[in-house]
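> Could you have a look at this structure, given as C-alpha cells, before my questions?
The values are calculated or read from the model by the stated rules, or taken from the named source; none is laboratory data. What you see is a predicted model; the values in this text were computed from it and never measured. Cβ: placed from backbone, ideal geometry, glycine included. Neighbour counts: every protein chain shown.
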Amino acid sequence: MTDDALAFYEQLANDYHLIYSDWEQSIQRHAAALDRVIRFHLPGDGLTVLDCAAGIGTQAIGLAQRGYRVHATDLSPAAIARAAQEAARRGVALTTGVADFRTLAGQVPGVFDVVLACDNALPHLLDDADLLRAAENMRAKLRPGGLLLLSIRDYDELRREQLRVTPPTVIDAPEGRRIVFQVWDWAPDGRTYTLELFIVRRAGDGWQTGSYRARYRALERAELGAILTRAGLTDIRWYMPQDVGFHQPIVTARPA
Ligand SMILES: C[S@@+](CC[C@H](N)C(=O)[O-])C[C@H]1O[C@@H](n2cnc3c(N)ncnc32)[C@H](O)[C@@H]1O
C-alpha cells in the first residue's frame with residue numbers, strides 16, 4: 001500500500017496545492033491552529049519539529065515561518081522536493097529529506113520536541129502492524145517529554161455515513177476555474193475505501209480532468225488511540241475542529 005501512496009503523491013506533487021481554494025491561506029490557518037495545540041503542551045520558542053508526512057509543506061512551511069525549527073520528511077521525493085522549493089521561494093528555513101514514517105528511527109538522526117504527521121497521512125497504512133511500526137518510529141524520534149501530533153479525517157462519522165462523493169469545490173483563480181471533488185468506493189467490510197480525486201480545470205472552451213487514486217483505511221479514533229498506547233505513548237487527547245480550528249480531528253500523545 002505504500003507503493004500506492006507513493007504513486008499517488010508523486011503524480012500529484014505539482015498540483016497538490018490546487019486542492020485548496022487558497023493554499024497560501026491554508027498554510028497560515030494550519031500553522032495557527034497547530035501552534036495553539038503545541039503551545040498548550042510545550043510553551044516556549046524555537047521548538048524543533050519533525051514533520052514526517054510533510055508533503056509539499058503545508059504545515060512545515062507555516063510552522064517554520066512562526067519560528068519553529070522544522071525538518072520536513074516525506075515518502076514522496078517529488079513532494080518533498082517541492083516543499084524545499086516552496087520554502088526557499090519564501091525565504092523560509094526548512095531542512096528536508098525522504099523517509100518512510102515506518103522506518104524513521106533508522107532514516108532521520110536526532111530527536112525532536114514535536115513529531116507531526118497531518119492531513120490524513122497515517123490512514124494510507126491499511127493494517128495494524130504497519131500503523132504500530134509508524135507509531136513506534138514516531139515515538140522514537142521524540143525527546144523525553146516531547147509531543148506527537150497527528151491529524152486524520154473524522155472516520156467515526158464518515159464510516160457511519162459511508163461517504164460516496166465529496167461536495168465539489170468550485171475555485172475561481174486568476175488562471176481560471178477549477179472544480180475539485182473525490183469519489184469513494186468502499187470495500188464490502190466498510191473498513192477501507194479507494195479514493196479517486198478529480199481536479200477538473202478550464203482549458204480554453206473545454207475542461208481538462210486530472211484523476212488520482214489511492215486506498216485508505218477508515219481509521220476510527222479508538223483504533224488509532226489503541227495503536228498509540230501499544231507504541232508506548234500516553235496522555236492521548238483529541239481536539240475536534242470546532243475546538244481548535246483545524247479542519248480535521250487532531251490527536252496528541254506523549255512518550256510514556
Ligand atoms: C494528504 S498528504 C498531506 C501532506 C502534508 N501534511 C500537507 O498537508 O500538505 C499525506 C502525505 O503523507 C505522505 N505519506 C504517506 N505514506 C507515508 C509513509 N509511509 N511515510 C512517509 N510519508 C507518507 C504522502 O507522501 C503525503 O505527502
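> Among the numbered criteria (1) outside any loop (DSSP other than H, G, I, E, B); (2) within 7 Å of the ligand (Cβ to nearest atom); (3) farther than 20 Å from ASP15 by Cβ, which single criterion is violated by PHE101?
Here PHE101 clears every test but (1).
> Something else now. Which one of the conditions (1) over 21 Å from the mean Cα position of the chain (by Cα); (2) in the same structural domain as PHE40 (by TED's automatic domain parsing) does GLY225 fail to meet, given that it meets all the rest?
Against the list (1) over 21 Å from the mean Cα position of the chain (by Cα); (2) in the same structural domain as PHE40 (by TED's automatic domain parsing), GLY225 comes up short only on (1).
> Right, something else. Would you call ILE38 surrounded by 15 or more Cβ atoms within 10 Å (Cβ to Cβ), β-branched (Val, Ile, Thr) and in a helix (DSSP H, G or I)?
Judged against the criteria, ILE38 is a match.
> Of a type in the set (Gly, Ala, Ser), in the same structural domain as SER76 (by TED's automatic domain parsing), out of contact with any Phe, Trp or Tyr (no Cβ under 9 Å at 6 or more places or on another chain) and in contact (Cβ under 8 Å) with a residue 24 or more places away in the chain, is that true of GLY190?
Criteria not met by GLY190.
> Listed residues THR58, THR73, THR48; which is under 17 Å from ASP113 (Cβ atoms), within 12 Å of the ligand (Cβ to nearest atom) and not hydrophobic (A, V, I, L, M, F, W, C)?
THR73
> Among the listed residues ALA64, ALA87, ALA93, which satisfies the condition of being more than 12 Å from the ligand (Cβ to nearest atom), assigned to a loop (DSSP other than H, G, I, E, B) and without any contact (Cβ under 8 Å) to a residue 40 or more places away in the chain?
The match here is ALA93.
> Still on this structure, I have one more. From ILE27, ILE38, which residue is touching a Gly at 6+ places or on another chain (Cβ under 8 Å), modelled with pLDDT of 95 or more and among the aliphatic types (A, V, I, L, M)?
One residue alone meets the criteria, ILE27.
> If a residue counts only when it is touching a helix residue (DSSP H, G or I) at 6+ places or on another chain (Cβ under 8 Å), which helices (runs of 4 or more DSSP H) contained entirely in region 152-256 have at least 2 such residues?
Counting at least 2 such residues, we get 155-161, 221-230.
> Can you tell me which residue is surrounded by the fewest Cβ atoms within 10 Å (Cβ to Cβ) among those in region 1-35 that are among the charged types (D, E, K, R) and in a loop (DSSP other than H, G, I, E, B)?
ASP22
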